[in-house]
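Have a look at the structure below, then the notes.
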Amino acid sequence: NIMLKKKFFAKALAFAMVMGTVSVYGGAAAPISIVQASDSTASGMMITVDYSTFEATLTINGDEKYVCLQVLKDSQGSKVSSEIWYPVDNQKAVVDLSFLKAAKPSYLRLRTSTGVESAITTVNAQPKKISIKYDAVKKEFLDGKTKLAITSADLEKYEYKTLYGSYWGTINSSNAFASSTLDSFITDKLDSAIKSGTTLVIRKKAVTTGEQAPASPEVKIKIPAIAKAPKVKVTYEKGKIQLPKGVEIAVLGAATLTDDDFRAVEGSLTPTELLKKAGVTEGNIDQNIYNGYTIVVRTKATTKKPASNMAFVTINSSPVLQLETSSKTIKAKVGSGTANTSKIDYVMNEKDIKLTVTPDATNPYTFSYSLDGKKWITLSTGATTVALEDGAKIKFRVAAVKENELTKTKGAFESNEIELEFKSTPTAGG
């Protein structure tokens with residue numbers, strides 16, 4: 001009995017393969033369907049291909065619950081390469097065609113369980129796999145074969161997403177790329193991911209006009225993480241800005257910075273020295289207040305690594321020392337605008353003069369004076385009497401303000417220095 005059953009099953013299977021087809025419903029195994037072959041073509045049965053999504057809408061004309069999608073060997077449909085059954089809802093089924101992955105045209109046809117067939121639909125070939133590289137130093141996408149930067153016009157043909165993302169992005173709403181650099185190839189949502197290193201999936205976009213075609217096969221490009229910004233130490237008390245080795249600096253201005261704006265520099269520098277090395281001409285440096293310049297610092301690029309992220313160092317405005325002189329009194333105060341000249345001939349016939357400090361209500365600075373150019377003496381609020389000999393020189397300054405992490409008050413370098421030379425006898429023009 002067992003042998004008879006096996007022989008009967010084998011004959012039934014062979015008959016089914018000749019007269020009908022072994023079917024798959026939506027990719028899952030299903031019972032064998034034995035159908036009578038038919039040459040009839042039904043009106044209204046069609047396959048519509050959307051190349052932007054590479055999906056096909058299968059449309060039938062009838063009450064069929066399933067429809068068979070046949071992949072044919074040629075445009076005449078003489079042989080069937082494979083077929084898959086899909087459930088139909090309201091006479092339609094939407095099918096993902098990515099399984100084709102064809103470098104040449106594919107030919108599709110619909111068939112119902114009663115043997116009614118649609119006309120043959122040609123699906124245009126998928127473009128070849130693109131060859132694209134990324135130059136991390138220049139931040140440019142290169143043609144993998146020519147090694148040349150891909151032009152902005154060519155980049156318009158591409159789209160991308162993150163490795164596990166589902167969203168294919170372009171540069172902006174008009175889908176126009178500004179240039180071939182990475183900065184113009186990413187959206188704000190991807191910017192942080194790019195800086196920390198990620199993998200992009202890139203493909204040539206589908207062509208939906210003229211000679212239509214699906215998107216190309218996807219390629220993966222590793223975008224290396226950009227190094228952290230270098231640490232810059234600002235010591236207001238010592239009047240120095242400490243830059244680590246291997247960095248370059250530029251002055252942040254209204255215009256967009258380019259690689260040509262950066263200059264290599266390192267070491268411990270005063271604000272004036274730093275600004276000069278950054279390319280600011282001496283005549284444009286206000287040595288009294290530094291104009292609140294912001295210096296951009298980054299680690300230099302090498303032949304293998306891109307430049308690091310950028311650190312921003314704002315040289316905070318220093319207090320402006322101003323002196324008011326009378327016959328017996330010198331008053332030091334913090335003012336605004338232009339400081340007094342760095343040297344003043346002070347004429348008075350009195351040996352003893354009073355040095356008076358005017359405190360600032362919002363930020364009480366520390367005022368100091370020096371008679372020998374070495375030792376600085378702090379002036380307390382109020383008046384201090386100092387004895388000066390003929391020809392004596394006295395310097396004044398406002399001490400640096402240390403940055404306070406607790407109160408978040410900004411630090412400031414020491415003020416300008418003003419030197420007064422005591423003259424007991426009036427001089428011409430004094």
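The values are calculated or read from the model by the stated rules, or taken from the named source; none is laboratory data. Values in this document were obtained by computation on a predicted structure and should not be read as measured data. Cβ placement follows ideal geometry from the backbone for every residue including glycine, while neighbour counts extend to all protein chains displayed. These accessible areas exclude ligands, DNA and RNA; they are computed on the full protein's heavy atoms, side chains included. Shrake-Rupley method; radii C 1.70, N 1.55, O 1.52, S 1.80 Å.
Here are some notes:
- Of all the criteria given as (1) under 38 Å from the mean Cα position of the chain (by Cα); (2) not in a strand (DSSP E or B), the one not satisfied by residue 134 is (2).
- Count of residues meeting criterion [modelled with pLDDT of 80 or more, open to solvent by less than 40 Å² (accessible area, probe 1.4 Å) and of a type in the set (Val, Ile, Thr)] in region 275-292: 1
- Residue tally, condition part of a strand (DSSP E or B) and out of contact with any Ser or Thr (no Cβ under 7 Å at 6 or more places or on another chain), over region 202-217: 3
- Residue-level check: of (1) touching a helix residue (DSSP H, G or I) at 6+ places or on another chain (Cβ under 9 Å); (2) of a type outside the set (A, V, I, L, M, F, W, C); (3) part of a loop (DSSP other than H, G, I, E, B), residue 127 misses just (1).
- Hey, residue 90 surrounded by 13 or more Cβ atoms within 10 Å (Cβ to Cβ) and either among the charged types (D, E, K, R) or at pLDDT 75 or above (or both) or not: no
- From the options 425, 378, residue that is loosely packed, with under 12 Cβ neighbours inside 10 Å and modelled with pLDDT under 75: 425
- Within region 59-97, the set of residues being assigned to a loop (DSSP other than H, G, I, E, B) and among the charged types (D, E, K, R) comprises 63, 64, 65, 73, 74, 79.
- Set side by side, the residues 129, 104 differ, and just one is exposed (fewer than 13 other Cβ atoms within 10 Å of the Cβ) and farther than 30 Å from residue 309 by Cα, which is 104.
- Against the conditions (1) more than 26 Å from the chain's Cα centre (by Cα); (2) open to solvent by less than 20 Å² (accessible area, probe 1.4 Å); (3) at pLDDT 80 or above, residue 295 satisfies every one except (1).
- Criterion violated by residue 245 - all others in (1) touching an Asp or Glu at 6+ places or on another chain (Cβ under 7 Å); (2) under 30 Å from residue 101 (Cα atoms); (3) modelled with pLDDT of 85 or more; (4) in a loop (DSSP other than H, G, I, E, B) satisfied: (2)
- Residue in region 355-375 that is nearest to residue 422 (Cα to Cα), counting only those that are more than 51 Å from the chain's Cα centre (by Cα), open to solvent by less than 70 Å² (accessible area, probe 1.4 Å) and at pLDDT below 85: 355
- Subset of region 98-124 (residues that are touching a Cys at 6+ places or on another chain (Cβ under 8 Å) and outside any strand (DSSP E or B)): 112, 113
- Any hit, region 408-417, residues being open to solvent by 50 Å² or more (accessible area, probe 1.4 Å), in a strand (DSSP E or B), out of contact with any helix residue (DSSP H, G or I) (no Cβ under 9 Å at 6 or more places or on another chain) and modelled with pLDDT under 80: yes
- Residues satisfying the stated conditions in region 222-241, i.e. surrounded by 14 or more Cβ atoms within 10 Å (Cβ to Cβ) and more than 24 Å from residue 305 (Cα to Cα): 234, 235, 236, 239, 240, 241
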